[in-house]
Amino acid sequence: MADLNWVEQAWNDIVHKVERTSARIGATFPHASQKGQYDSPPPDFWTAGFWPGLLWLIYKDTNNEKLKQFATECEIKLDDVLNDFYELDHDSGFMWSLTAVANYKLTKNPDSRRRALIAASHLAGRFNLKGKYIRAWNDRDDHFRDNIGWAIIDCLMNLPLLYWASEETKDPRFAFIAQEHANTVVKEFIRPDGSSHHIVCFDPHTGERLEAKGGQGFAPESAWSRGNSWALHGLTLSYLYTQDELYLQAAKRVAHFFIANLPDDHVPYWDFRLPTIEGAPRDSSAGAIAASGLIELARCVEPLEAPLYHDAAVRILKSLYENYGAWNKEEEGLLLHGTSHFPRGSNVDVPLIYGDYFFVEAISKLRGETELFW
Ligand code: GLY
């Protein structure tokens with residue numbers, strides 16, 4: 001059990017801060033904070049679910065109706081994305097697990113169920129039968145040309161929407177697709193040492209594996225820390241839904257790599273394999289995503305093994321709270337020092353909404369929360 005003093009203090013700081021910042025942010029879709037204020041990208045950006053998801057987490061504890069109202073408004077605004085005014089990609093899970101599924105789990109709203117099932121159908125439709133992967137992105141800008149055969153590690157976090165859809169409809173097809181994708185990830189992304197690729201490219205016609213790409217990491221053979229945290233957390237969630245030992249063993253392998261490569265303050269640099277860490281930015285979001293996944297992983301393993309994962313999570317979260325938290329600052333983000341896309345130089349060393357979301361999720365778990373929106 002974690003030392004409750006700092007956990008309760010962290011939760012109080014989170015609740016007070018979000019009750020304050022939500023008055024300005026309202027029902028919008030923040031991604032990165034610049035000069036103390038969150039931006040507001042359009043609702044089709046992959047991060048659209050994190051702010052409403054965070055509001056639902058706090059609503060669950062506080063019953064603050066204003067937060068529920070903002071979260072619900074965000075979900076309704078996402079209907080324009082769901083109804084095809086925008087081009088959907090693989091990130092439907094990130095977007096609708098934390099909005100529609102969360103709402104449905106908490107309120108049984110039938111509209112939320114319908115939205116989440118439509119999103120799951122879109123996601124299932126991106127599955128490539130030959131390569132057994134869910135296609136990443138669409139080729140709508142220069143970064144993503146000729147990407148029909150690309151799959152990415154982040155997509156593991158989209159699979160819970162498919163598992164949930166199967167449980168909800170009693171139709172196993174969604175879960176079959178999720179498991180085939182997860183199997184491909186274990187085989188093609190996770191290296192023997194437990195580190196992970198970001199992007200693996202397949203021939204979309206034959207399914208043959210072609211190459212790995214560096215993507216948001218430093219290089220094809222490096223270990224982008226957020227990608228590794230998606231792997232740790234996502235494989236654990238696949239295990240939770242399927243009880244397939246393959247995912248548990250892979251999640252452990254990734255966790256061991258992640259924990260063993262953390263620096264002294266337990267919060268990773270943006271890539272675990274940089275030529276030098278001098279001047280390199282951290283990615284606090286990778287720490288938060290991994291910590292929440294480690295708490296979940298600790299719940300999946302034998303009692304003797306659990307402290308390895310749980311205590312690592314507590315170390316990361318305590319450091320995030322004490323060294324990276326923006327509690328008494330003129331700053332809307334909760335966690336400082338996140339890195340979104342270092343190779344493109346975009347949103348480096350800033351608060352990021354997914355860092356905030358997973359920090360809040362992880363602290364809520366340390367306080368005893370066991371129900372997941374995923
Ligand atoms: N899913 C994209 C990222 O982690 O930045």
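The values are calculated or read from the model by the stated rules, or taken from the named source; none is laboratory data. Values in this document were obtained by computation on a predicted structure and should not be read as measured data. With ideal geometry, Cβ positions are generated from the backbone for all residues, glycine too; neighbour counts draw on all protein chains shown. Accessible surface areas use protein heavy atoms only, side chains included; no ligands, DNA or RNA. Shrake-Rupley method; radii C 1.70, N 1.55, O 1.52, S 1.80 Å.
Structural remarks
- Modelled spin labels at Q37 and R344, positioned 7 Å past Cα toward Cβ, are 2.3 nm from each other.
- Y133, Y104, Y241, ranked by accessible area, largest first (probe 1.4 Å): Y241, Y104, Y133
- Relative contact order, whole percent, for the stretch 223-310 stands at 36, derived from Cα pairs under 8 Å and 6 or more residues apart.
- On the basis of the beta-carbon distance and an R0 of 41 Å, Q9 and E245 show a calculated FRET efficiency of 0.60.
- Taking Cβ atoms as reference points and 9 Å as the exclusive limit, the residues near L88 contribute a net charge of -4, counting Lys and Arg as +1 and Asp and Glu as -1.
- Ranked packing of 259-265, 293-299, most packed first, by mean Cβ within 10 Å: 293-299, 259-265
- The modelled label-to-label distance for the pair A23/H256, using points 7 Å beyond Cα in the direction of Cβ, is 5.1 nm.
- Exposure rank, largest accessible area first [L308, L248; 1.4 Å]: L308, L248
- Summed side-chain charge close to A32 - residues other than A32 whose Cβ falls under 14 Å, Lys, Arg +1, Asp, Glu -1: -3
- Ordering of 109-115, 26-32 by burial proxy (mean other Cβ atoms within 10 Å per residue, highest first): 26-32, 109-115
- Screening the chain for DSSP H helices whose Cα atoms reach 30 Å or more along their own axis and whose mean Kyte hydropathy is at least -1.0 gives 4-25.
- Projecting the Cα atoms of N228, G333, T107 onto the dipole axis of the chain, where Lys and Arg carry +1 and Asp and Glu carry -1 at the beta carbon, places T107 farthest toward the positive end.
- Applying both filters, DSSP loop and at most 15 other Cβ atoms within 10 Å, to the GluC sites (Glu not before Pro) of the stretch 210-261 gives E221.
- Per residue accessible area of the chain, 1.4 Å probe, in Å²: 39 Å²
- In the chain, helices alone account for a calculated mean residue ellipticity at 222 nm of -15500 deg cm²/dmol, with every DSSP H run of four or more residues adding -39,500 (n - 2.57).
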